[in-house]
Amino acid sequence: MAAKAKAGVAIDDAAAQAQASGRQSAGHAVSYRPMLRFLTTQDRNVIWLLLGIALLPVDGTTLGLYAPFWSPISPALFAVYCLCNWRQLHIVAVKYLPMFLLPVACIILSIPGWLRFGIHFNAAFMSLTGLFGMLATLGALVIAFHIKRIPWNMPIRLLIVAYWCSFAVGVVQWFSIHLRFEPLVNYFSHLMYRQYITDSSVWGGGRPQFLFAEPSYIGMHLFGILLPLMWLMRGRDSIYAKRLRDLIVVYAIGAMLMQAGTRIVIDSVVALLVAIIVHNTWHDRKQRLRGMAQLAGACLLGLLGVLADSRLSSIAENGAQGDGSFFARIYQSLDPLCGLLAHPWTMFTGYGAGNIINAVWAGASKAEQLLNGLGMNGGAATGFAAGMNADTVWTMCAYTSVVAEYGLIGLVLLVIASIVSMTHVFDTAAAEHGVWSKTVICWLVLIVYLYIQCENYAFAALPLFIFAASKLRE
């Protein structure tokens, strides 16, 4: 009964907790005694949560759990935290029932595909554990910050430090590459699961990748996790909001200056446009004019970014085949999508969990024909299909992966479950302000965009959105 009573208590950090944190931040003297007392007397299992938060930027090393395109650690730690608090996890499952029923629905949707095409057990395990990893992240956030009301200031500090450390790793990687310091280059090339460090890397070497699975995930972390947290902190503690803003700006500019990747340039422009919309009051004439000038400036920066980046310039001049990585994104998704056309019933239920490779094999020849008809290299599509197996295949697009495995029904269920869970408002303050504020809508648009080039089900951006969107006050 006590746990249920706690579950009904709203998260309103702007009251006691935010006021205390604000006083601490204003004086720049923060006492850790309350948190240490909490750790030792009330929730010793919170160490698993803090470790998960600290290791959020670490998703590309050989130390993590294997998946086709990344190797995270945090989802497993969040799962341990949930299991240590299994009584509260039951409350979370009831409150977010649509999300917790989603893996069951996906298993049911997979049965026709498994019966028709067989089952690749290892790949199916990775797919389903990705879904459970998403639920573990959501569950850990709710248990910690809603039910147990753990003070958020220490986890935020820890997260900021963790991302600064990952940025520092990227800087060290960049210097070791350009100074040709072989011991460090070799160390990082062996540390990373898919390394982009050495010049001989088949993935496009000579680039820092920080601690991420690949350089293109920089934007996922900066704008899928840190930017929304900055928005959340605006109404709670301006100091943390400023620190997050500084971290995001330095990280993005630093990644571009170090030429870590092309996607961070595009992601930064998109995120800047979204942030301009969020931070301006458009019904005010003066702010509307200022916002329009800022949008024009952001578009100009985007144009300059295209001109300054050789890969983006090549795409602009030569089309999709102007950059090998960009072209790969096309046929890696085109293969499984054409596979759905080869067996039309799979458009509804998919090929089953872990059976993306069957969709790729079935659609490769059709994808080749389509690309050849557009004057592109269709052989790349069939070559990709021939070189992949069930455990190594990837699409680099969440929507492609969901539809290939669980069909349009699975994608619709994911959207419905996410929206229903997100709009299940716990606190009356959020209900009074309304869930669909401008910031929440912009956050949703940004999330939808980011997952176009990220297929990892357990990535923290979506669970964070589902949990925290109703907590925004603007």
| query | Only one of 287, 294, 259 is over 27 Å from residue 152 (Cα atoms), open to solvent by 80 Å² or more (accessible area, probe 1.4 Å) and of a type in the set (S, T, N, Q); which? | reply | 259
| said: Against the condition more than 20 Å from the chain's Cα centre (by Cα), modelled with pLDDT of 95 or more and not aliphatic (A, V, I, L, M), how does residue 234 come out, does it pass? | reply: no
| task | Could you run through segment 230-253 and say how many residues are out of contact with any Lys or Arg (no Cβ under 9 Å at 6 or more places or on another chain) and surrounded by fewer than 19 Cβ atoms within 10 Å (Cβ to Cβ)? | result | 8
| task | Would you mind listing the helices (runs of 4 or more DSSP H) fully within segment 142-260 where at least 3 residues are farther than 23 Å from residue 458 by Cβ and of a type in the set (D, E, K, R)? | result | 238-257
| Of all residues in segment 322-357, how many are part of a loop (DSSP other than H, G, I, E, B) and modelled with pLDDT under 90? | 1
| remark: Counting only residues that are of a type outside the set (Ser, Thr, Tyr) and either crowded, with 18+ Cβ neighbours inside 10 Å or at pLDDT below 95 (or both), segment 102-111 contains a total of 4
| Do we have any residue at all in segment 361-382 that's at pLDDT 90 or above and under 26 Å from the mean Cα position of the chain (by Cα)? | no
| Which ones in segment 196-224 are open to solvent by 20 Å² or more (accessible area, probe 1.4 Å) and of a type in the set (Phe, Trp, Tyr)? | 203
| request: Working carefully through the options 337, 312, find the one that is in contact with a helix residue (DSSP H, G or I) (Cβ under 7 Å, 6 or more places away or on another chain), in contact (Cβ under 8 Å) with a residue 24 or more places away in the chain, closer than 24 Å to residue 411 by Cβ and surrounded by 18 or more Cβ atoms within 10 Å (Cβ to Cβ). | output: 337
| remark: Scanning segment 40-62 for residues that are in contact with a helix residue (DSSP H, G or I) (Cβ under 6 Å, 6 or more places away or on another chain) and part of a loop (DSSP other than H, G, I, E, B), the one farthest from residue 191 (Cα to Cα) turns out to be 45
| note | Of the residues in segment 351-388, those that are at positive phi and touching a residue at least 60 places away in the same chain (Cβ under 8 Å) number 2
| said: If I filter segment 132-144 for residues that are open to solvent by 60 Å² or more (accessible area, probe 1.4 Å), over 30 Å from residue 197 (Cα atoms) and more than 22 Å from the chain's Cα centre (by Cα), do I get at least one hit? | reply: no
| field | Residue list for segment 343-375, filter: open to solvent by less than 50 Å² (accessible area, probe 1.4 Å) and over 25 Å from residue 126 (Cα atoms) | value | 367, 371
| request: Any chance you could count how many residues in segment 112-122 are in contact with a helix residue (DSSP H, G or I) (Cβ under 9 Å, 6 or more places away or on another chain), part of a helix (DSSP H, G or I) and surrounded by fewer than 24 Cβ atoms within 10 Å (Cβ to Cβ)? | output: 4
| task | Would you confirm whether any residue within segment 91-101 is at pLDDT below 95, of a type in the set (Lys, Arg) and in a helix (DSSP H, G or I)? | result | yes
| note | Exactly one of 177, 160 is surrounded by fewer than 22 Cβ atoms within 10 Å (Cβ to Cβ), in contact (Cβ under 8 Å) with a residue 12 or more places away in the chain, more than 22 Å from residue 63 (Cα to Cα) and touching a helix residue (DSSP H, G or I) at 6+ places or on another chain (Cβ under 8 Å), and that one is 177
| Name the residues in segment 63-90 that are open to solvent by 40 Å² or more (accessible area, probe 1.4 Å), in a loop (DSSP other than H, G, I, E, B) and farther than 23 Å from residue 121 by Cβ, would you? | 63
| note | Residue set 449, 399; condition at pLDDT 95 or above, more than 30 Å from residue 121 (Cα to Cα) and surrounded by fewer than 22 Cβ atoms within 10 Å (Cβ to Cβ); output residue 449
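The values are calculated or read from the model by the stated rules, or taken from the named source; none is laboratory data. What you see is a predicted model; the values in this text were computed from it and never measured. So basically every Cβ, Gly included, is an ideal-geometry build from the backbone, and we count neighbours across all protein chains shown. SASA here: full protein model, heavy atoms, side chains in, ligands and nucleic acids out. Shrake-Rupley method; radii C 1.70, N 1.55, O 1.52, S 1.80 Å.
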